[in-house]
Amino acid sequence: LAAEFGTPLYVLDEDHLKGRARRFLAAAQAAWPGAVVSYASKANSSLAVLKAMHEAGLEIDVASPGELHAAIAAGVPASHCHLHGNFKTRADLEYAIAKGVGQIVVDSQEEIEILAEMGAKVPLLMRLAPGVDPKTHAKTSTGQADTKFGFNITNGAARHGLKTMLDAGLDWVGFHCHVGSQIMDGRPQSAAAGILAAFSRECAAEFGIWPRILNLGGGLGVRYKPSDQPVDVTTYHQAMADAVREAWGDGPAVQLSHEPGRWLVAESGVTLYSVGPVKTVPVQDGTRTYVAVDGGLSDNPRPGLYQAEYPVRAIPATGRTHEGSQTVRISGKHCETDQLFDGISVPANLAWGDLVEVACTGAYNASMASNYNRYPRPATVMLSGGNARVVVRRESLDDLVRSEI
Ligand SMILES: Cc1ncc(COP(=O)(O)O)c(C=O)c1O
């Protein structure tokens, strides 16, 4: 693939990601008949992925007009999309409503007031901050009380927001929460599910109306390293369903909804890089070897953003044989230090022209890529039934200046 399509190259396995989607949906529906699963498209919003998720029976969560535009371009009806975001402008809301978006997840009092002014007819969920500590990386924690997302329950913001929506005659249909990302044991999600259900009861007592939908967000983790042991998807769904049942009591029928991103696509993708210069430099207690690869910060900002780790494997160039081993630091080709991975074991004779495969890059890599240092973003190749096809072409140098006047 590297020889045919060049590097750096994102590779996705369509059968694998559709299989993950179907597995997640089946587990959700086994735990809660009629449950709906939306794919959080921020994880990877290339059109081929959106289309595959739609074909696997998922709805699509979009966090911007751009993600909605991509979903529609991939053939997903707007009515199967849910719009998120802590700051949706009036123009964002108008765009989504004009396109016929299925649901909007409201995030602030100001947003409710704009929707009321617009006389919006779209079904609305209210995002709640359930005050749960997800015990994951601070950069991907969103459900705790100290957050920019959603309405706080304990300080009365959520009650006030709900009252405003009901008084304005808006089409409020339910509550939403998302507690964080790369969560291994699912307990924060179950805790949040129970809090949403309990708050629903309180609101029913106060306002005489129950939510029809509880959207419990996403956040189930994947295996980036051997110590990552995410809970089994069946147990994950069962625990959330049990938490809702316990707090919901004899309330009316409600639909459970989920919006995973990473779990669906991360493990379906790898990135291939070519090895460039290999340098050994003196350090305080010996030497360090730097292996440069032809990508980095621009195609995978996660190591730089929050020290994300990945499985890394060296592959010899055609005709070469790898021998021995050494521990190296793998760096990218950008300015800053652009360190991708430290303490990686690679063959002792790894050299220019060999390949490095970084696994588990299907989520939050292509969708977070940039053109830093004016590097074109990589191509994406999709494998399906043993065949490879380019689904995102490599950007050209002309693409890099296309929008400039
Ligand atoms: C509102 C919302 N839903 C779903 C997700 C998907 O999370 P994950 O990819 O961890 O499943 C996110 C991710 O940040 C999110 O912000």
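Numbers below:
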| item | result |
| --- | --- |
| Whole-percent carbon and sulfur share, accessible surface of the chain, 1.4 Å | 52 percent |
| Residue-averaged [θ]222 nm for the chain, counting only DSSP H segments that reach four residues, each worth -39500 (n - 2.57) | -9000 deg cm²/dmol |
| Largest-first ordering by accessible area, 1.4 Å probe, given options Y375, Y306, Y39 | Y375, Y306, Y39 |
| Cα lying deepest toward the dipole's positive end in segment 4-110, options A35, A73, N86, charges on Cβ | A35 |
| Accessible area (Å², per residue) of segment 165-278, counting only protein heavy atoms and a probe of 1.4 Å | 35 Å² |
| Nearest-ten-degree value, helix 109-118 long axis tilted from longest Cα axis of the chain | 70 degrees |
| Cα gyration tensor of segment 182-258 - equivalent ellipsoid semi-axes, whole Å, descending | 28, 10, 9 |
| Calculated from backbone phi, Karplus (6.51, -1.76, 1.60) coupling profile of segment 339-345 in Hz, x at Gly/Pro | 8, 8, 9, 10, x, 9, 8 |
| Approximate spin-label separation A138-R393, in nm, with each point projected 7 Å along Cα-to-Cβ | 4.4 nm |
| For segment 9-58 and segment 65-79, distance of Cα centres in Å | 15 Å |
| Accessible area in square angstrom per residue, segment 15-79, 1.4 angstrom probe | 34 Å² |
| Choice from G57, G296, G156 with maximal GNM fluctuation in the chain (Cα, 10 Å cutoff) | G156 |
| Stretchable slack from E113 to S403, in nm (0.36 nm times residue separation minus alpha-carbon distance) | 100.9 nm |
| In sequence order, calculated HN-Hα J values of segment 267-272 (Karplus, 6.51, -1.76, 1.60; Hz; x Gly/Pro) | 7, 8, x, 10, 10, 9 |
| Overall Cα dimensions of the chain, principal axis frame, Å, largest first | 72, 48, 44 |
| Shape category assigned to segment 1-118 from the gyration tensor of Cα positions, a/c cut at 1.5 | oblate |
| Count of lysine pairs in the chain with Cα separation under 20 Å (8 or more residues apart, or interchain) | 18 |
| Cα gyration tensor shape of segment 296-392, rounded if a/c is under 1.5, else prolate or oblate by comparing a/b with b/c | oblate |
| Full-stretch length increase - D15, K279 - with 0.36 nm per residue and alpha-carbon distance subtracted | 91.1 nm |
| Nearest-0.05 FRET efficiency for E206 and D171, computed from C-beta distance (R0 22 Å) | 0.70 |
| Protection proxy ranking of 334-344, 121-131 - average other beta-carbon atoms within 10 Å, highest first | 121-131, 334-344 |
| Loop sites in segment 49-157: chymotrypsin sites (Phe, Trp or Tyr not before Pro), DSSP, at most 10 other Cβ within 10 Å | F87 |
| Charge tally in the Cβ shell below 13 Å around T89, where Lys, Arg are +1 and Asp, Glu are -1, T89 excluded | -3 |
| Separation between Cα centres of segment 333-390 and segment 285-330, rounded to whole Å | 10 Å |
| H160-R288 FRET efficiency (beta carbon distance; Förster radius 60 Å; 0.05 resolution) | 0.60 |
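The values are calculated or read from the model by the stated rules, or taken from the named source; none is laboratory data. Given the structure is predicted, the values throughout are model-derived calculations rather than measurements. Positions of Cβ are generated from backbone atoms using ideal geometry, with glycine treated the same way; all protein chains shown enter the neighbour counts. Heads up: the accessible areas ignore ligands, DNA and RNA and are worked out on the full protein's heavy atoms, side chains in. Shrake-Rupley method; radii C 1.70, N 1.55, O 1.52, S 1.80 Å.
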